[in-house]
Every structure is written in C-alpha cells, then in structure tokens.
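Let me begin by presenting the structure, written as structure tokens, before commenting on it.
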Amino acid sequence: MSDPVAESLSSVLLRALDGSPLTREEIVPLLALPEGEAREALFSAADAVRRQEVGDEIYLRGIIEFSNVCARDCLYCGLRGSNLRLQRYRIAESEIIETARLIRNAGVGTVVLQSGEDPFFATDRICRLIAGIRAETGLTVTLSVGERSPADYRAFREAGAERYLLKHETSSPALYRRLRPGSVLNDRLHCLSALGELGYEVGTGNMVGLPGQTLETLADDLLLMQEMNADMLGIGPFIPHPETPLAQTPAGDLYLTLKVLAVARLLTRTTHIPATTALGTIAPQGRLLALKAGANVVMPDFTPPIYRQHYEIYPGRSKTVNVSDFLRHLQDDIGRIGRTIGHGKGGRKRK
Ligand code: 5AD
Ligand code: SF4
C-alpha cells in the first residue's frame, strides 16, 4: 500500500535535488523527519548536492579568538558582559600575527579573526592587524567581530579583509530581540547587506534549539539564508552555558541541526558550510555526520590554549585537543569517508 506522506516527501526531495525552490510548508516536514529511511534520504540528497556543487574537498579555516571581551549581553552566550565569572583576555597584536604564521605553516590558507564586540579593538587596531597578517603571511583574512558601522567595514576591506562572518542567529525578530537585549534583527540584516555591497564574501547562519524557536522559525532561517545569497553558512546547536539566563534550557538536538544543515545545502547549493565546533561538542561524531550531510568546511581552532580555555561561548569547547592532534584526527576521519583536504583559498564558486 502506498503511503501518501512518504510519497509527497520524496517528491519534495526530488525537486530539491534539482535545485527547485522549496516553500516553508515543504521545508517544515523535512525538519520534522524522524529517524529512518526518509531522514537518511534527506542526508544523502544533501551529500549528493554537496559533491556535485562543491566537490569532495574539505576546506580548512584557522580560527584565532583574539579577545573574549564583549560589550553585549546575549542571553545564550558565555562571553556576555554580565558574566563576571569569566576571565577576560586580549591577545597582543604580535602574538596574533605569530599565531597566523602557525596557521600558514600548517598549510591552511585562511585565518578567521574572531572576538566578542570589544571596543578596545577599534577600527585602526583591527586594520593594522589585517594589514600585518596580510603582509606577514599572505593568508586570506576573514573577520568575525560583530556589528560595526559601514565605514568600519569599508576600512577593514581596504586594509585587506576579504570575508566576514555575522550570523543572523534567528530569523524571528521577536526571539532575536529577546535573546539579544538592545539589538534588533533589522540592524543585523543591514550590516549583512552593507558587507555584501563592499564586496566581502559573507557568512551568516543560525543556532538550532533556541528557547521559543519552532520548526517554522527554522524554515524561515533557511529561507532567509537563501534570500541573502550568503557565501558561507554556520549552523550549530545551541548549548546552554551555566553562567547565563539560559542555563536550564536543553541543548539543541544533533539530528535537528543536521537536518537544518542538509536543507541549507539543498537550498543554497554552492555555499561553504562548516561542520561547526558546536556540533562536535554535543556529539563525538557530530562533525563527521555534518560532513556527510552537506558540510564541506572545518574550522580548526589555533587560539593558543592558555586563551582558548577562556573563550567559553558555551561549555565543553576548551576540552578540544591541541590543534596538531585535531588536524591528524581530521585527516584520518575524512580519509575514511573518501574525502580530501582542499588547498588554495577555497572561495565560493558562484554559478
Ligand atoms: N551555544 C551555541 N552557540 C553559541 N553561540 C553563542 N552562544 C552560543 C551557545 N550558547 C554562537 C553564536 C555566535 C557565535 C560566536 O557563537 O551563533 O554567532
Ligand atoms: Fe558577545 Fe557575540 Fe556572545 Fe553576543 S554572541 S555576547 S555579541 S560574543
């Protein structure tokens, strides 16, 4: 006997494989898929599109978390200004550049400079850092330093930054306002369009499992990612931090996060999608499962360990092994799934 629900799902998947747009009403049932054949079919479809559109190479981006000082107070984040228990740090410019050299020497072509929204790192300081890294290492520079003015974004671009990560976090304006006191989603979206206009490759993305989020909100996140035509998409589970107001909220679900990631691959085709650290934190196989469900990027953390332990956005991150062990394990893992490490800048190939 035929099952009409299964039939309609497989017709949605077939259309998604071809690159047809999906509606919110078609996305929600994909996100609701329970364990079983249909869910595996979703992951295989995303894996097939990943192979066809961006190939078998996995691109590495080396992260340096250069300051954990943050002026904001996001309810979900351990770096929020109100968390007085966190030991704060700023890495000296010379040490950041030294770390960038390690990234280049490891054969990684891109550095991601990430921090909280730290006013100490004013425009000229960041510009100097970008120019220093460019001159000393030739690495492609990606910034992830939050909301700044269009003039700042222009200055960073002129100093040599080529990519910028700014996750929209959630597409629900009400949820955004509640979780990020004093900020509104529209400002974030304006930042993202300013970055695009300045010629940056732009990364956005969301968290899965935020309190109050529904499958419909997640479908809207996915449609927003598609509409923004971003180049990179970071999708990770929310993980509660004990020193935040969301300490009692359960973590985002591994498989729901993977389904969001898989649908993102189906909808956005040629984007770069990392297997996020947060996925690797909630499940030992999280990263590998993501690489088999649409992801094609891994971001090894090169922050010197004495600082890294304090970049506690959520708990469990500091347990990560040192970066050379991490890279060795990664090499083994990706060999086992028939993939290779990508070389070169790994920029987005738009169609
Ligand atoms: N769990 C998972 N991800 C988080 N982020 C911030 N707090 C958490 C948390 N508790 C993510 C946000 C932000 C990035 C720096 O880290 O998506 O963009
Ligand atoms: Fe600061 Fe970013 Fe954490 Fe918000 S999510 S508190 S802006 S580091």
*Give region 96-114 a look and list any residue that's open to solvent by 10 Å² or more (accessible area, probe 1.4 Å), more than 17 Å from Tyr164 (Cα to Cα) and in contact (Cβ under 8 Å) with a residue 40 or more places away in the chain, or say none.*
Ile97, Leu102, Ala106, Gly107
_Qualifying positions in region 323-335 - under 21 Å from Ile282 (Cβ atoms) and either of a type outside the set (Asp, Glu) or in contact with an Asp or Glu (Cβ under 9 Å, 6 or more places away or on another chain) (or both)_ = Val323, Phe326, His329, Leu330, Ile334
*Of all residues in region 290-317 being away from ligand 2 (no atom under 16 Å from the Cβ) and assigned to a helix (DSSP H, G or I), which is surrounded by the fewest Cβ atoms within 10 Å (Cβ to Cβ)?*
Ile306
*Working only within region 229-240, note down all residues that are touching a residue at least 40 places away in the same chain (Cβ under 8 Å) and within 21 Å of Thr110 (Cβ to Cβ).*
Ala230, Asp231, Met232, Leu233, Gly234, Ile235, Gly236
_Considering residues of region 53-93 that are touching a Leu at 6+ places or on another chain (Cβ under 9 Å) and not in a loop (DSSP other than H, G, I, E, B) only, the residue nearest to Gly338 (Cα to Cα)_ = Ile58
*Which residue pairs have Cβ atoms closer than 6 Å, lie 6 or more positions apart in sequence or on different chains, and pair a first residue in region 66-91 that is over 14 Å from Pro119 (Cα atoms) and within 11 Å of ligand 2 (Cβ to nearest atom) with a second residue that is at pLDDT below 95 and part of a loop (DSSP other than H, G, I, E, B)?*
none
_Selection count, region 293-327, where residues are within 30 Å of Ala46 (Cα to Cα) and in contact with a His (Cβ under 8 Å, 6 or more places away or on another chain)_ = 6
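Results for (1) under 30 Å from Arg88 (Cα atoms); (2) touching a residue at least 24 places away in the same chain (Cβ under 8 Å), shown as yes or no for each residue.
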| site | (1), (2) |
| --- | --- |
| Glu227 | no, no |
| Thr281 | yes, yes |
| Pro284 | yes, no |
| Lys292 | no, yes |
| Val297 | yes, yes |
| Arg308 | yes, yes |
*Among (1) surrounded by fewer than 21 Cβ atoms within 10 Å (Cβ to Cβ); (2) modelled with pLDDT of 95 or more; (3) closer than 27 Å to Asn68 by Cα; (4) of a type outside the set (D, E, K, R), where does Ala278 come up short?*
(1)
_Selected residue (only one of Ile63, Ile27, Ile58 is within 28 Å of Leu179 (Cβ to Cβ), in contact with a strand residue (DSSP E or B) (Cβ under 7 Å, 6 or more places away or on another chain) and modelled with pLDDT of 95 or more)_ = Ile63
_Condition (residue is more than 24 Å from Ile313 (Cα to Cα), open to solvent by 30 Å² or more (accessible area, probe 1.4 Å), modelled with pLDDT of 95 or more and more than 15 Å from ligand 1 (Cβ to nearest atom)) applied to region 74-91: is it met by at least one residue?_
no
*Do any helices (runs of 4 or more DSSP H) entirely within region 115-223 hold 1 or more residues that are touching a Gly at 6+ places or on another chain (Cβ under 8 Å) and open to solvent by less than 20 Å² (accessible area, probe 1.4 Å), and if so, which?*
123-137, 173-179
*asked:* Would you confirm whether or not region 42-61 contains a residue that is over 30 Å from Ala6 (Cα atoms), within 16 Å of ligand 1 (Cβ to nearest atom), crowded, with 17+ Cβ neighbours inside 10 Å and not aliphatic (A, V, I, L, M)?
replied: yes
*asked:* Here are the criteria: (1) of a type in the set (Gly, Ala, Ser); (2) open to solvent by 20 Å² or more (accessible area, probe 1.4 Å); (3) in a helix (DSSP H, G or I). Tell me which single one Gly19 does not satisfy.
replied: (3)
*asked:* I want to confirm something. Restricting to region 224-267 and keeping residues that are among the hydroxyl-bearing types (Ser, Thr, Tyr) and touching a Lys or Arg at 6+ places or on another chain (Cβ under 8 Å), which single residue is surrounded by the most Cβ atoms within 10 Å (Cβ to Cβ)?
replied: Thr244
_Residue list for region 161-179, filter: within 16 Å of ligand 2 (Cβ to nearest atom) and within 15 Å of Cys191 (Cβ to Cβ)_ = Tyr164, Leu165, Leu166, Lys167, His168, Glu169, Tyr176
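The values are calculated or read from the model by the stated rules, or taken from the named source; none is laboratory data. Predicted, not measured: the structure shown is a model, and the values here were computed from it. Note: ideal-geometry Cβ built from the backbone for every residue, glycine included; neighbour counts use all protein chains shown. Remember, those area values only see protein heavy atoms, side chains included, never the ligands or the DNA or RNA. Shrake-Rupley method; radii C 1.70, N 1.55, O 1.52, S 1.80 Å.
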